[in-house]
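**Q** Quick one: structure below, then a few questions.
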Amino acid sequence: MKLIKCRQPATCDTCKGEINKGDLYRKRTKSVGSPRKETVEYSDGYPSYVKHGFTYAIKLCEGCANEA
Ligand SMILES: [Zn+2]
């Protein structure tokens with residue numbers, strides 16, 4: 001995994017420390033539930049897709065990235 005140079009100040013997801021402009025950080029994706037699972041449910045005769053999870057991106061500061 002590669003460290004990315006920060007362009008916009010952000011907060012580390014692990015230590016809640018600040019990631020300043022120019023610092024190195026690591027991007028990670030986390031998933032909740034099962035994002036790949038989709039089922040079709042019918043309500044009033046119309047099909048609708050229901051997702052069973054989602055993914056979101058987090059940022060880790062350089063220190064936490066090296067520990068992980
Ligand atoms: Zn951190």
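Since every read-out is calculated from the coordinates, none of them should be taken as a lab result. Given the structure is predicted, the values throughout are model-derived calculations rather than measurements. Note that each Cβ is placed from the backbone with ideal geometry, even for glycine, and that neighbours are counted across all protein chains shown.
**Q** Of the options 22, 48, 33, report the single residue whose Cα projects farthest towards the positive end of the charge dipole of the stretch 4-67 (beta-carbon charges: Lys, Arg +1; Asp, Glu -1).
**A** Checked the options; the winner is 22.
**Q** Please give the charge dipole size of the chain, origin at the Cα centre, charges +1 on K and R Cβ atoms and -1 on D and E Cβ atoms. Round to the nearest 20 debye.
**A** Here the size comes out at about 360 debye.
**Q** Take the Cα pairs of the stretch 4-67, get the Kirkwood Rh, then feed it into Stokes-Einstein at 4 °C and 1.567 mPa s and tell me D in µm²/s.
**A** 93 µm²/s
**Q** Follow-up question, since we're still on this one. Students often get this wrong, so check it: of 5/37; 5/51; 2/37, which have C-alpha atoms separated by over 31 Å? If you can, show how the numbers build up before the last one.
**A** On the way: 5/37 34 Å; 5/51 33 Å; 2/37 29 Å.
Exceeds cut-off: 5/37; 5/51.
**Q** Using Cβ-Cβ distances only, list the Cys residues of the chain with no partner cysteine under 4.7 Å, sorted by number.
**A** Taking the Cβ cut-off of 4.7 Å, the unpaired cysteines of the chain are 6, 15, 64.
**Q** 222 nm [θ] for the chain, helices only, -39500 (n - 2.57) per DSSP H run of 4+, per residue, to 500?
**A** -2000 deg cm²/dmol
**Q** Right, here's the next one. In a GNM of the chain with a 10 Å cut-off on Cα contacts, which of 11, 55, 39 has the highest mean-square fluctuation?
**A** Comparing 11, 55, 39 in the GNM, the peak value goes to 39.
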